[in-house]
Structure formats: structure tokens, C-alpha cells
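Notes for the one structure printed next.
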Ligand code: GLN
């Protein structure tokens, strides 16, 4: 029987509930349990696919093509399980379903209300995920902070659901912040007490408190929290700021976090196998070298906008025992060739990630040109691959007016063009080419070598593609098409064989990298960087 773990947050937003939930998932997986997760986001967007990365950070894409909250990325990376459409639920998607049902007449004349119609729909999503994954544990994180008006239907649904499944089958973990007052030298518990009071006013009593803090929590304060919030003393868990997010599961394990969860859910304890994870953390803390990778993109002011790319770089670094430093380069600053050169002077490798729209494109082309001409290991992702193709067309294949029709509908040489199936699509929500598609790799290429496979599957999120009309010309000029869709129509990977590492892909490899199993394309980049550095020194 599936046990349910709800995670709420209080005091402030951005507490890292996702990392706490993902860490618990890891600790349960390490005990041999199966774990599924769901993220409930109270906003009205049907999914985050239409939101600006500046607002919401990265849009994480699942195998089955869901555009989801970036926390799903953390969950996949920590729990090493692929999630799905049903794993991300928003108010928008819940209301959409209920309103569709109302229009169809499904409610037989009833007045459609938040309780019971919206709450029933929310609960049905819980059941749907349970039926799909049949997990031992289902972890459900509720976005936002307790007290938010838009979160109320979700909180009410949890209250009802907890009562329905009964004691011992569902618990609520409440994450809070203990602010530190330097003047009195104290960690304060009052905001946590207040947020638990708010939770209680909705009929929910937390069973566990996870307290974010910058300092160790004295026993007196833990006991106070237990007393005022009606949780057992062992259920007040400290979650200190860590150097790496991958240390969090181990810090929580030391406090028997998962055992407390198991006890409350009436599940017999099991021994955890965390050896591999401990090795990983040891590697993270003892790097043998340092490499600097530039990410040249548009959303560089908010590193969350590229969170999976950042994590993938780190994973590849862990495998190679090096610390990976990231240099954020706003591609708009690279419009000037001299400035671009200056910005790239101290980097060992370059990534041009995905993106949308024309802003900063010419700067990205300058970055790619510089990497190509100076043999700086380069990885282009999605828009980054499209830019690499444009740059090669313009500067090597002699197609001076090459561009993407995304940026110039009347481009002289539209080397990147809208996919045929996209041409008649009008709306923006969920209409891109999304999710996992197969790709065939060409023998003798770098891509084939690093994957060690003839056929791979990778996740996509795009509307444009390399225009097949130009493939022959680009091939003649030296660009190698090392990955193609099974029908041979869509270019998935291009590379330049004479350079140490110049590989670009139409898909998003960053969604499949794991801390203990880096993605081959990121590993290829970091390997090339290290090789270059060792021959130079
Ligand atoms: N804007 C490009 C397209 O739609 C690239 C998308 C991306 O980088 N995710 O094809």
C-alpha cells in the first residue's frame, strides 16, 4: 500500500523544499523502496512552459513531454527515476479539467465549487499518480508558502485526503526557516511556530518539522519547537546550508530523518545503502583540479534558468575529479568581437544553452565562432546547436545571409526553419516538439564514441530545426551530422571532427544527467577540457 508524504513550506519561499523532498526520496530509495513524486504548483498557468525563465527558472521536460517545474529535475536526479505528465499539477490544469467537465455537463446541474469539485480533482490527481507508479511512497510537494491564498485548495485537499487514508498512511512534513539574529546571537523559532499555527488553522497538523538554518540548532530550541508545534523531539530535523545540495541527504540521514518518517508511517525500518552517494560527496569535497566553463546565454542573471545545465556540468566534473567553475556570460555583451574575446580569454570550455527569441543571438554567434576558431571545447544545446549551424553556414560554408526564420522570416539562407508539423500550430502552451525521441548515431563520430551506442533517446523542446535543404551544403563544408532522427529527416547532433570537442545537439542532454552517471555529452566536454589542460601544462 502506498504511503503519502506531503511537504509544505512556511515562513519564506525558496526554502529548498524540493531539495528536502528529493533528499527524502533518495533516503527511501537507498532503503530499497520505490518512490514517486508530485509537485503541486498553485499558480494559474496550466504548466510552466509559457513562463519566462526569469520568473520561474528552467522548464524541466520529462520523457513523456511534460513541461514541468524545475524541482522535478532535482527529484529525477536524486531519486534516479523518470517522472511524467502526472508528476506536476498546477491550479491552472485542475481548473481547466473542472471547467471542461462543467461545459460537457458532467456535473448534472450542480453548482461547481472549490469544495468539493476542485478539491476532488486535486485528490484524483494523487490517485492517478499512485495508479501510474504504484510506489511504496508518494512524496507530494506543495509549491508556495503556507498562508498563500492560491494554495488553499491544495491544503484543503490534503486535509481531506489525510483523513480519508487514515493515521499511519499519510504525513505532513512542514519546512520552515529559523532566522539568526546576530545582535542577540540567537536562532529564532517564533516564525516557525506562527506558520505551524496557520497550518493548523486549516486543519493540518504537521508530523515533522524540517528547519532551514545557517547555524546548528541548540537542543533547547529544538525542544521548544517540538513542544509548541506538537511534534515529537526526534521529528524536529535540522537542515543546515550545505556547500553542495548532494550533501543534504547525508546530513538528514545522520538525524535519522527517513527512520522517523518510516515510524510515523508504520513501516518497518530498513538499512540504507548510501555507499555510492557517500563516495560521490567525497569526490565533490576533494576535487583534484579546477576547470572553468562559460555558459553564454540570455538568462544569465538567474542561474536557476539553466539549473539542469549547471548540475550536468557538475556531474561530469565529479566523474573526472575536478571542480567546475561556471562563468556566466550574457551573450548580449558579446556583440562586440573584442569584448567577446576578452570574456572568453580565461575559460576552458564553452556551452551555449537553449533559448528563445532574437535577443543576444549575434553575441552567441560570436562566442561560437571564437570557440571554433580557437579550438575551445564547445557544447551547443538546442538553440545553441541552431546557432552553431548558422555560424558555420555564414563563416565557413559561404552562406553569408544564413539565419533562422525564428529571427528573420525573410532570411536569405534559412538554414534553421520551423518544423513542418509546427507550421499550422497557433497556440503557445504545450505545442512544441516535446519529450523523448530516438536518434541514430553515425559510426566513427565523437557522439557515437561517447555514447557507445547506435541508437539513443533524448528529450526535446523546440519548434525549429536544421533545414534539410542545406544539409548537403553544410556537409560539403565539413560539418558532420552525427545524429539523425530514425527517418533521417531531423538533424539531432552536429560536430566538427578536427576540433578537440565541438559538438552540438538539438535535444536537451541536461535533463538526463545524474550525479552518479554524468551525461556522455557533458562528460565529453569536460574530458576534452581536461585533456587540453594537461597537454598545455
Ligand atoms: N527557439 C528554438 C526552437 O524553438 C530553440 C528552442 C530551445 O533552445 N529550447 O527551436
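Before we move on, is residue 376 farther than 23 Å from residue 501 by Cα and either touching a helix residue (DSSP H, G or I) at 6+ places or on another chain (Cβ under 8 Å) or within 16 Å of the ligand (Cβ to nearest atom) (or both)? It is false that residue 376 is farther than 23 Å from residue 501 by Cα and either touching a helix residue (DSSP H, G or I) at 6+ places or on another chain (Cβ under 8 Å) or within 16 Å of the ligand (Cβ to nearest atom) (or both). Filtering the stretch 291-313 to residues that are in a strand (DSSP E or B) and touching a residue at least 60 places away in the same chain (Cβ under 8 Å) leaves 291, 293, 294, 296, 297. The residue list 85, 55, 38 contains one member that is under 27 Å from residue 299 (Cβ atoms), in contact with a strand residue (DSSP E or B) (Cβ under 9 Å, 6 or more places away or on another chain) and free of Cβ contacts under 8 Å to residues at least 40 places away in the same chain, which is 85.
Note on the stretch 105-221: enclosed helices (runs of 4 or more DSSP H) holding 2 or more residues that are touching a helix residue (DSSP H, G or I) at 6+ places or on another chain (Cβ under 6 Å) and loosely packed, with under 15 Cβ neighbours inside 10 Å are 119-133.
Taking each residue of the stretch 344-355 that is in contact (Cβ under 8 Å) with a residue 24 or more places away in the chain and looking for partners that are within 16 Å of the ligand (Cβ to nearest atom) and in a loop (DSSP other than H, G, I, E, B) with beta-carbon atoms closer than 7 Å, six or more apart or interchain, yields 354/382; 354/508; 355/298.
Based on this model, can you work out whether residue 57 counts as buried (at least 20 other Cβ atoms within 10 Å of the Cβ), closer than 20 Å to residue 126 by Cβ and either in contact with a helix residue (DSSP H, G or I) (Cβ under 7 Å, 6 or more places away or on another chain) or at pLDDT below 95 (or both)? Spell out how you get there, then give the answer.
On the way: buried (at least 20 other Cβ atoms within 10 Å of the Cβ): yes; closer than 20 Å to residue 126 by Cβ: no; either in contact with a helix residue (DSSP H, G or I) (Cβ under 7 Å, 6 or more places away or on another chain) or at pLDDT below 95 (or both): yes.
It is false that residue 57 is buried (at least 20 other Cβ atoms within 10 Å of the Cβ), closer than 20 Å to residue 126 by Cβ and either in contact with a helix residue (DSSP H, G or I) (Cβ under 7 Å, 6 or more places away or on another chain) or at pLDDT below 95 (or both).
Could you please let me know if residue 492 is touching a strand residue (DSSP E or B) at 6+ places or on another chain (Cβ under 9 Å), within 16 Å of the ligand (Cβ to nearest atom) and part of a helix (DSSP H, G or I)? If you could, list the steps in order and put the result at the bottom.
Values: touching a strand residue (DSSP E or B) at 6+ places or on another chain (Cβ under 9 Å): yes; within 16 Å of the ligand (Cβ to nearest atom): yes; part of a helix (DSSP H, G or I): no.
Judged against the criteria, residue 492 is not a match.
Among the residues that make up the stretch 419-429, is at least one of them over 21 Å from residue 496 (Cβ atoms), away from the ligand (no atom under 13 Å from the Cβ), in contact (Cβ under 8 Å) with a residue 24 or more places away in the chain and in contact with a helix residue (DSSP H, G or I) (Cβ under 6 Å, 6 or more places away or on another chain)? Among the residues of the stretch 419-429, at least one is over 21 Å from residue 496 (Cβ atoms), away from the ligand (no atom under 13 Å from the Cβ), in contact (Cβ under 8 Å) with a residue 24 or more places away in the chain and in contact with a helix residue (DSSP H, G or I) (Cβ under 6 Å, 6 or more places away or on another chain), which makes the answer yes. Out of all the residues in the stretch 455-475, which are outside any strand (DSSP E or B) and near the ligand (Cβ under 10 Å from one of its atoms)? Result: 463, single match. In the stretch 263-288, of all residues being surrounded by 14 or more Cβ atoms within 10 Å (Cβ to Cβ) and in contact (Cβ under 8 Å) with a residue 60 or more places away in the chain, the one that is nearest to residue 530 (Cα to Cα) corresponds to 280.
Within the stretch 496-532, can you find the residues that are in a strand (DSSP E or B) and crowded, with 24+ Cβ neighbours inside 10 Å? First the steps, then the outcome.
Quick first cut of the stretch 496-532, residues in a strand (DSSP E or B) only: 502-505, 514, 517.
Result: 502, 503, 504, 505.
Residues that are under 23 Å from the mean Cα position of the chain (by Cα), in contact (Cβ under 8 Å) with a residue 12 or more places away in the chain and away from the ligand (no atom under 16 Å from the Cβ): does the stretch 385-403 have at least one? Among the residues of the stretch 385-403, not one is under 23 Å from the mean Cα position of the chain (by Cα), in contact (Cβ under 8 Å) with a residue 12 or more places away in the chain and away from the ligand (no atom under 16 Å from the Cβ), which makes the answer no.
So, in the stretch 409-418, of the ones that are touching a residue at least 24 places away in the same chain (Cβ under 8 Å) and within 16 Å of the ligand (Cβ to nearest atom), which residue ends up farthest from the chain's Cα centre (by Cα)? First the steps, then the outcome.
Here is the first cut: in the stretch 409-418, the residues touching a residue at least 24 places away in the same chain (Cβ under 8 Å) are 413-418.
Filter once more, so that each one left must be within 16 Å of the ligand (Cβ to nearest atom): 414-418.
Working: 414: 32, 415: 30, 416: 27, 417: 27, 418: 26 Å.
The qualifying residue farthest from the chain's Cα centre (by Cα) is 414.
Condition test on residue 441, is it within 13 Å of the ligand (Cβ to nearest atom) and more than 18 Å from residue 357 (Cβ to Cβ)? So residue 441 does not fit the description; no.
The values are calculated or read from the model by the stated rules, or taken from the named source; none is laboratory data. Fair warning: this is a prediction, and the values are worked out from it, not measured in the lab. Because the Cβ atoms are built from the backbone with ideal geometry, glycine has one as well, and the counts that use them run over all protein chains shown.
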